[in-house]
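Scroll down for the structure; my scribbles are underneath it.
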Amino acid sequence: MSDSPAPDTFRPNILARRAAIAVGVGLLLTVLVVGVGYAFGVLMMAFAGILFAVFLRTISDNLNRATGLGENVCLGLTVLLLLGIVVGFGWYIGPQVAEQAQEMRKTLPASVEQLKGEMARTETGRWLLAELPTAKELNPDGQAVVARIGGVFSTALSAVMGVVVVFFVGLYLAAQPRMYVNGTLRLVPPNRRQRGGEVLTKVGTALRRWLMGQVLAMLFVGVLVWLAMLSLGLPFALSLGVIAAVLTFIPNFGPLLALAPAVLLGLVDGPATALWVVGLYTAIQVVESYLLTPFIQQSAVSLPAALTITAQVVLGVFLGGVGLAVATPMLVVILVLVREVYVRDFLGDDGE
C-alpha cells in the first residue's frame, strides 16, 4: 500500500506555494523597477553635474591659457562670474516682474476677449473656442487652489534642490577632474586602461564642442529675440532674450517653451502684437535650427534628428525637465561610446 499523500491533500499546498512564489517575484520586480527609476533619475542629475563641470572647465581652461593664472584661480573666477551674472539678472528683473504682473492683471483679460472675438470670425477659431476650458473650470474651489499651490511649492523646492546638487557636483568634478577620471579608469582592466583613457578624452572633447556650439547658438537667439522684442516695444525685452537663450539649450522643445511668456506679454498689447511675436520667434528659430546650428556643429558631433527627438521624448516622459535638458548631450556621449567601444574595438571597423 502506497504512503504517498492523496491528491486532495497536496494539491492545495502546491498551488499555495506557487502563488506565494509568483507574488514574491512580482513584488521583487516591482521593487527593482521602482529602484531603477529612482536610480536613473539620480544618474541623470549626476550627468547634469558632469555637464556643468565640463562647462566650467572649458571656460576656466581658456581663461588659464589667456591669463596664465593657476587652474584653481581661473575656476574660482569662472564660478564668481557666473554667480554674479545670475544674481545681477535676478536683481534687474525682480522689480520689472512685479510691475508687469500688475499691468497684465489689468489689460490681459481685455486682450483675451479681443482675441476670442477675432477667432470667432472663422470656423476653425469657433471650434478652438468650443474646446477651450470655461471660466468655471479655470477657477476651482478653495481646496483645489490650496492643493495646487502646495504642488507648485513642492515642485519649485525640488527644482531648487536639484540645481544646488548639480552645482556642487559640477564644482567638485571641475576642481579635481583627474582624480575622478583615474578612479573611473581603475574599473577598466589594466591592459585596456590606455584605450579607456583615449575613449574618455574623446567623450570629453565631443561634449566640449557640443557645449560651445550650443552656447554660440544661445547667444545668437538671445540677441535676436532681444532686438525683436525691442522693435515691438514689448517690456522685458532683455529678459525674454535671456529666457530664449537659455531654453535654446534644449533643441526642438526649448523654443516652444520660450515662446509662451513672449506671447503672453504680446497679448497685453493686443492680438496683433502676439501674432508678430509668433512670426518673429519662428523666423529666428528657423535660421538657428537650419543654418546656424548645422554649421556650428559640423566639427562637433553629428546627431541624427530622429534619434535626438526620440531621446528627448523618452527622457522627458520619465524624468521631466531634467531628462529633457540632458537628453541631447547624453545622446552625444552614447554615440561616441558606440562608435569607439562597439564599432571600432568590438567590431574592428575603423571607418568613420
Worksheet item: Among all residue pairs at least 6 apart or on different chains, which show Cβ distances below 8 Å where the first residue, located in region 63-83, is within 17 Å of Pro177 (Cβ to Cβ) and the second is outside any loop (DSSP other than H, G, I, E, B) and among the aromatic types (Phe, Trp, Tyr)?
Response: none
Item to complete: Exactly one condition in (1) out of contact with any helix residue (DSSP H, G or I) (no Cβ under 7 Å at 6 or more places or on another chain); (2) in a helix (DSSP H, G or I); (3) closer than 26 Å to Arg344 by Cα is not met by Leu207; state its number.
Response: (1)
Practice prompt. Check Arg121 against each of (1) outside any helix (DSSP H, G or I); (2) at pLDDT 85 or above and name the one condition it does not meet.
Written response: (2)
Discussion item. Suppose the filter is at pLDDT 85 or above, under 21 Å from the mean Cα position of the chain (by Cα), surrounded by 18 or more Cβ atoms within 10 Å (Cβ to Cβ) and farther than 16 Å from Glu288 by Cβ; does Gly241 pass it?
Written reply: no
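The values are calculated or read from the model by the stated rules, or taken from the named source; none is laboratory data. Small disclaimer: the values here were computed from a predicted structure and weren't measured. Note that we place each Cβ from the backbone using ideal geometry, even for glycine, and neighbour counts take in every protein chain shown.
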